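Novice: Just dropping this structure here.
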Amino acid sequence: MPRAVRSVLQWLRRSLLARATAVSLVLSLTVSVIVFGLLTLRIASQLYDARRDNVLAVSTTAVSDVKSLALASTAQDDQTLQVLKASMLRAAEATSGSQEVALLHTADSVGDLAGTDLISATLEADQIPDRLREQVRAAPDSIYWQPVSIGGETPGIMVGTTVSLPLGGDYELYIRYSLEAEQQTLSFVQWMLSIGAAVLTLASVAITAASAAAILQPIRRTAEASRRLAAGDLGQRLPQTGADEAVDLGSSFNIMADALESRITELKTLSTVQQRFVSDVSHELRTPVTTIRLAADVVYDSRAELPPRAARSAEILHAQVERFEVLLSDLLEMSRFDAGVAGVHPELTDVGQLVLGVVDGARMLADDRGCSLDVEIGQTPEIAEIDAGRIARAVRNLLANAIEHGQGRPIRVQVSDAQLTIDGLARAAVSISVIDQGVGLAPDQLTHVFDRFWRADTSRQRTLGGTGLGLAITREDVQLHHGIITVESTPGEGSTFAIILPKEAVA
Ligand SMILES: Nc1ncnc2c1ncn2[C@@H]1O[C@H](COP(=O)(O)OP(=O)(O)OP(=O)(O)O)[C@@H](O)[C@H]1O
Ligand SMILES: [Mg+2]
């Protein structure tokens, strides 16, 4: 399909106004062509019928004039007969108003000059149709007519009959009438009709376009308001003047917007209350937990002196208090993210060195699980403007997960150059990937992996393992840097978590 046609079709598909205008154009054109055709046919046939009736009436008079001349004549010799024929021709011309008359001899013509035909200057004998001549010869006293073409362009009517000269035998009389005037009238009418049809078509298209635009205006306004509402401008309302359907649409929109606004405000309030609650409770718990922890540490440190059951309890207490502390600090961190008070303090950092530091810190845990840690860093240092504390924590979380779910198989950590698109702009970035060959995650698990408190192994007792907040916090940390975190995983083969951060801090 040519490009122009394709773009017109696309335009029609996209714009209601264009479609309405196109439909109106096609319909108006069709109706105009049909009306034009019908009117032309009707007018042409009316003009033709009227002229034919007139021609026949005039011809009847002309024929009777010619016949009276013939009857009154006493011409006996060729010469007087010739004079008679000439006056008959002139009489026919005068009465019919046509300058094209022919007086043709027949087998019954009498006299020496009997073979001579008398014809008006602009008419020729072979222009008289043979069929008409046959009809005239077959029934001598009747008047016949037949449509003819004059010079191949102008329509005409040929009328014929026979005339008897008392002493000169029978002659055929033909009169040709031109329909040029009718033809001109018809052309003029057609021209006027075409102009009328064109004006009507244009007017109807313009009216359709104008009314479609008027009808579409409230729809456009509503669409625009909906877009703004969806973009977060909850105060969007439509004006309500008048009493038509547009006002109906507007008031329905406003009702919907009101409902949406109050619901969102309700949810926001609820969520703020919840966030405040979590934050307050975590804060309130901090002091008692610290006290409990100090006390638990004292008991734990002197467990050797305790009876075995009490020593075991001291160990459990120590482990669980530690978990509690971690959970509490994670909750506090989440509530800071939710409240929007978590800030980044970017500083130029060698990402490779940062990762090496984190990996070193995790070696003990890795050795414990019997897995090796491999770091791959390029020749040139990857320097990025990042909040080293947050990114170190993020890498630590990924590494801890890889070690925990890595089934003791080697773990690789890669630091490399990357690209990141932020607000449509490509930016230089650095990527940190943590690759394990452990249990992996199924596709449906991958969609939840960054959810708060989500853990793949729900059967695991809540007293063991992490809280399920690690990846949620990691993602928040990465997002604070305008970076992204991705995960690819195959069950049984392992997972790759990658953090990509812009090298230059984004304001
Ligand atoms: N590398 C991985 N391989 C397989 N599963 C993983 C991996 N990393 C995370 N998961 C799954 O995702 C879940 C959520 O991870 P996340 O780090 O958020 O929480 P957690 O490790 O359970 O607890 P926390 O990190 O808060 O101590 C984990 O419980 C685990 O089931
Ligand atoms: Mg974790």
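The values are calculated or read from the model by the stated rules, or taken from the named source; none is laboratory data. Since the structure is predicted, the reported quantities are computational estimates derived from the model, not experimental observations. Positions of Cβ are generated from backbone atoms using ideal geometry, with glycine treated the same way; all protein chains shown enter the neighbour counts. Just so you know, the surface numbers come from the protein's heavy atoms only, side chains and all, with ligands and any DNA or RNA stripped out. Shrake-Rupley method; radii C 1.70, N 1.55, O 1.52, S 1.80 Å.
Novice: Taking Ala507 and the conditions (1) touching a Lys or Arg at 6+ places or on another chain (Cβ under 9 Å); (2) not assigned by TED's automatic domain parsing to the domain that holds Arg396, which numbered condition does it fall short on, given that it satisfies the others?
Specialist: Among (1) touching a Lys or Arg at 6+ places or on another chain (Cβ under 9 Å); (2) not assigned by TED's automatic domain parsing to the domain that holds Arg396, the lone unmet condition for Ala507 is (1).
Novice: Sticking with this one: What about Leu47, is it part of a helix (DSSP H, G or I), open to solvent by 70 Å² or more (accessible area, probe 1.4 Å) and under 25 Å from Met192 (Cα atoms)?
Specialist: no
Novice: A further question follows. Does the stretch 344-396 hold any residues that are open to solvent by less than 30 Å² (accessible area, probe 1.4 Å), over 27 Å from Gly408 (Cα atoms) and outside any helix (DSSP H, G or I), and which are they?
Specialist: Across the stretch 344-396, the qualifying residues are Thr349, Glu382, Ala384, Ile386, Asp387.
Novice: Tell me, please, whether a residue that is more than 30 Å from Glu347 (Cβ to Cβ), under 44 Å from the mean Cα position of the chain (by Cα) and more than 13 Å from ligand 2 (Cβ to nearest atom) can be found in the stretch 409-424.
Specialist: no
Novice: Do we have any residue at all in the stretch 144-154 that's at pLDDT below 85, surrounded by fewer than 18 Cβ atoms within 10 Å (Cβ to Cβ) and among the β-branched types (Val, Ile, Thr)?
Specialist: No, that holds for no residue.
Novice: For the stretch 412-426, state whether one or more residues are near ligand 1 (Cβ under 9 Å from one of its atoms) and open to solvent by 20 Å² or more (accessible area, probe 1.4 Å).
Specialist: No: the stretch 412-426 contains no residue that is near ligand 1 (Cβ under 9 Å from one of its atoms) and open to solvent by 20 Å² or more (accessible area, probe 1.4 Å).
Novice: Next question. Any chance you could count how many residues in the stretch 448-476 are part of a loop (DSSP other than H, G, I, E, B), polar (S, T, N, Q) and either modelled with pLDDT of 95 or more or within 8 Å of ligand 1 (Cβ to nearest atom) (or both)?
Specialist: Qualifying residue count for the region: 1.
A quick yes/no check of all residues on (1) under 19 Å from Ser329 (Cα atoms); (2) polar (S, T, N, Q); (3) in a helix (DSSP H, G or I):
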| position | (1), (2), (3) |
| --- | --- |
| Leu234 | no, no, no |
| Leu238 | no, no, no |
| Ala243 | no, no, no |
| Met256 | no, no, yes |
| Glu261 | no, no, yes |
| Thr265 | no, yes, yes |
| Asp280 | yes, no, yes |
| Pro288 | yes, no, yes |
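Novice: Something else: Pairs please, first residue from the stretch 168-187 and over 21 Å from Ile119 (Cβ atoms), second anywhere and part of a strand (DSSP E or B) and not charged (D, E, K, R), Cβ atoms under 7 Å, 6+ apart in sequence or on different chains.
Specialist: These pairs meet every condition: Gln183/Thr154; Gln183/Pro155.
Novice: Taking Asp280 as the residue in question, decide whether it is loosely packed, with under 13 Cβ neighbours inside 10 Å and at pLDDT below 90.
Specialist: Criteria met by Asp280.
Novice: In the set Glu322, Glu333, which member is out of contact with any strand residue (DSSP E or B) (no Cβ under 9 Å at 6 or more places or on another chain), touching a residue at least 60 places away in the same chain (Cβ under 8 Å) and assigned to a helix (DSSP H, G or I)?
Specialist: The conditions single out Glu333.
Novice: So, Ile34, is that one more than 30 Å from Ala223 (Cα to Cα) and either loosely packed, with under 12 Cβ neighbours inside 10 Å or under 20 Å from the mean Cα position of the chain (by Cα) (or both) or not?
Specialist: The answer is yes for Ile34.
Results for (1) under 30 Å from Ser32 (Cα atoms); (2) open to solvent by 70 Å² or more (accessible area, probe 1.4 Å); (3) part of a helix (DSSP H, G or I); (4) in the same structural domain as Phe337 (by TED's automatic domain parsing), shown as yes or no for each residue.
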residue: Gly196; (1), (2), (3), (4): yes, no, yes, no
residue: Ser211; (1), (2), (3), (4): yes, no, yes, no
residue: Arg228; (1), (2), (3), (4): no, yes, yes, no
residue: Gln274; (1), (2), (3), (4): no, yes, yes, yes
